[in-house]
Amino acid sequence: MYIAIINYNMGNIKSVENAFIKIGAEIKVTKSPGTIINADAVVLPGVGAFGDAVKNLKELKLYDVIKEIIYCDTPFLGICIGLQVLFEFGMEGGKNKGLGIFKGIVKKIPEGVKIPHMGWNRLKILSKNSKLLEGIKDGESFYFVHSYLAECEDKSIISSTTDYGVDIAASVEYKSTYGVQFHPEKSSSCGLQILSNFVNIAKTSKRKAG
Amino acid sequence: MISKRIIPCLDVNKGRVVKGVSFINLRDAGDPVELAAFYDREGADEVVFLDITASHERRKTVVELASRTAEKVFIPYTIGGGIDSIEDIREILRKGADKISMNTSAVKNPELIAESSKVFGSQCIVVAIDAKKTGSNHWEVFIHGGRTPTGLDAVEWAIEVQKLGAGEILLTSMDKDGTKDGYDIELTRVVVSSVNIPVIASGGAGSLEHLRDVFTQANADAALVASIFHYGEHTVREAKKYLKSQGINIRI
């Protein structure tokens, strides 16, 4: 069993890799479609602009691969920009199409607060039985760095929010697809807990045949 | 909303922590990475490393430090000290550092702030300002570890670095540094109210009340702390508990 961490030239992914190694997970950092399709779970990390992220995925022929593995219920975790590209559209540097797994638009954080939203902020947990958030107490802090937020059309996918002038979707999930706006790899022991939870989800998942 | 941050700062020379840390039961308390991992477990919000290695080896030691830290530390960390090119910054960030800090090189080549923030994003670019009081409401910027005056006004320089694209300011009061009689509230307050980016106050922390004051009186976003943690006078945990009891928004 292994977890594929997608390397698609979107900033530093070393920290994500190190965090999974720290918790003892088997990982492969890869851009190969075959390695991603055969993985027991897939992580899409990354920092940067929405448009660049989607463009890189397309150039590496991973855009459809990701849609396919999500369709097959392979456990999937998008981190930061990896959460954002799950949505239909992103407004960063013009309107760009995303993967469209979740309905909604990724928009700039409304004015009146310092942007980027950078630092430790508290989670308000909405979904009490989220497997990803298991063991995380309401009000626990996580590390955020982002200027855009996901506006979800279907609010039921939001498992936690954080308050930054407006309520920001901090984590979303539907079936085996998860996304976190914060950086678990930089959120100390609580962040590592979330990654361990994801590894456990991967270990117990039953995928459809692709 | 975002919590106020407590940031231990480690001075590093040739890969070793400069100020001895003897009270902590670590396998190697002179190893900056072990120490940073300890502060992570203790509840520190970030760690700053300042590499003061004075030789051509520095670039190598800085990159190594960035890389080793990424394996053991799971909070954001910043590396500063002699970083003066886009290539250095790229290398350090690629190893897993979250931010780099520049000081002398930012004054000598302000274009580096603009270029690096464009390439890597403002959130990774910290400009460190060493300021010394030279008159009523006037502080001058010094470089080369505080040895060389620049003629620049610290408040004007802070505004300028924000304009150039810096994402954060690490503001050290040279008058207070090492005194342990409190942060320079006046300087910090003026800089905080002149810019829209976060300001880390540095220099002078000697007690937990000093930490409180720099948050409540100067509205700093973060406090850099060295000796009171390194010499075991207080733990990070104690400091944060105290600040929380004083009504400050702190991550426990």
- Within segment B:81-104, the residues that are outside any helix (DSSP H, G or I) and out of contact with any helix residue (DSSP H, G or I) (no Cβ under 9 Å at 6 or more places or on another chain) are B:101, B:103
- Residue check, residue B:142 open to solvent by 10 Å² or more (accessible area, probe 1.4 Å), away from every other protein chain (no Cβ under 14 Å) and aromatic (Phe, Trp, Tyr): yes
- Test residue A:160 against the stated conditions and say whether it is closer than 30 Å to residue B:199 by Cβ, away from chain B (no Cβ under 14 Å) and open to solvent by less than 10 Å² (accessible area, probe 1.4 Å). yes
- Expected single match for free of Cβ contacts under 8 Å to residues at least 12 places away in the same chain and under 25 Å from residue A:197 (Cα atoms) among A:21, A:69 is A:21
- Within segment A:132-157, of all residues that are within 12 Å of chain B (Cβ to nearest Cβ) and of a type in the set (D, E, K, R), the one least open to solvent (accessible area, probe 1.4 Å) is A:140
- Query: When residues of segment B:35-57 are filtered for being at pLDDT below 95, of a type in the set (D, E, K, R) and buried (at least 19 other Cβ atoms within 10 Å of the Cβ), how many remain?
  - Reply: 1
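In segment A:163-180, how many are more than 14 Å from chain B (Cβ to nearest Cβ) and not charged (D, E, K, R)?
Final tally of qualifying residues: 9.
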- Would you check if there is a residue in segment B:112-128 being surrounded by fewer than 18 Cβ atoms within 10 Å (Cβ to Cβ) and assigned to a loop (DSSP other than H, G, I, E, B)? no
- Task: Taking the options B:135, B:121, name whichever one is of a type in the set (Gly, Ala, Ser) and more than 12 Å from chain A (Cβ to nearest Cβ).
- Result: B:135
- What about residue B:178, is it open to solvent by 20 Å² or more (accessible area, probe 1.4 Å) and not in a helix (DSSP H, G or I)? yes
- Out of all the residues in segment B:70-96, which are out of contact with any Cys (no Cβ under 7 Å at 6 or more places or on another chain) and either farther than 22 Å from residue B:56 by Cα or within 8 Å of chain A (Cβ to nearest Cβ) (or both)? B:70, B:71, B:72, B:73, B:74, B:75, B:76, B:77, B:94, B:95, B:96
- Message: Just the residues that are touching a Lys or Arg at 6+ places or on another chain (Cβ under 8 Å), at pLDDT 95 or above and open to solvent by 10 Å² or more (accessible area, probe 1.4 Å), please, taken from segment B:216-236.
- Response: B:217, B:219, B:221
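A quick yes/no check of all residues on (1) in contact with a strand residue (DSSP E or B) (Cβ under 9 Å, 6 or more places away or on another chain); (2) of a type in the set (D, E, K, R); (3) outside any strand (DSSP E or B); (4) more than 20 Å from residue A:161 (Cβ to Cβ):
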| position | (1), (2), (3), (4) |
| --- | --- |
| A:58 | no, yes, yes, yes |
| A:93 | no, no, yes, yes |
| A:104 | yes, no, no, no |
| A:107 | yes, yes, no, no |
| A:115 | yes, no, yes, no |
| A:119 | yes, no, no, no |
| A:128 | no, yes, yes, no |
| A:137 | yes, yes, yes, no |
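If you scan segment B:64-111, which residues turn out to be small (Gly, Ala, Ser) and either surrounded by fewer than 22 Cβ atoms within 10 Å (Cβ to Cβ) or under 26 Å from residue A:120 (Cα atoms) (or both)?
B:66, B:67, B:70, B:80, B:81, B:82, B:85, B:96, B:97, B:101, B:105
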- Query: Being within 20 Å of residue A:204 (Cβ to Cβ), within 12 Å of chain B (Cβ to nearest Cβ) and assigned to a helix (DSSP H, G or I), is that true of even one residue in segment A:13-30?
  - Reply: yes
- Item | Selection count where residues are under 12 Å from the mean Cα position of the chain (by Cα) and more than 14 Å from chain B (Cβ to nearest Cβ), scope segment A:182-203 | 1
- Task: Could you pull out the residue among B:106, B:97 that is among the small types (Gly, Ala, Ser) and within 19 Å of residue B:11 (Cα to Cα)?
- Result: B:97
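The values are calculated or read from the model by the stated rules, or taken from the named source; none is laboratory data. A quick note: this is a predicted structure, and the numbers were derived from the prediction, not measured. Glycine gets a Cβ as well: all are built from the backbone with ideal geometry, and neighbour counts include every protein chain shown. These area figures cover heavy atoms from the full protein model, side chains too; ligands, DNA and RNA do not enter into them. Shrake-Rupley method; radii C 1.70, N 1.55, O 1.52, S 1.80 Å.
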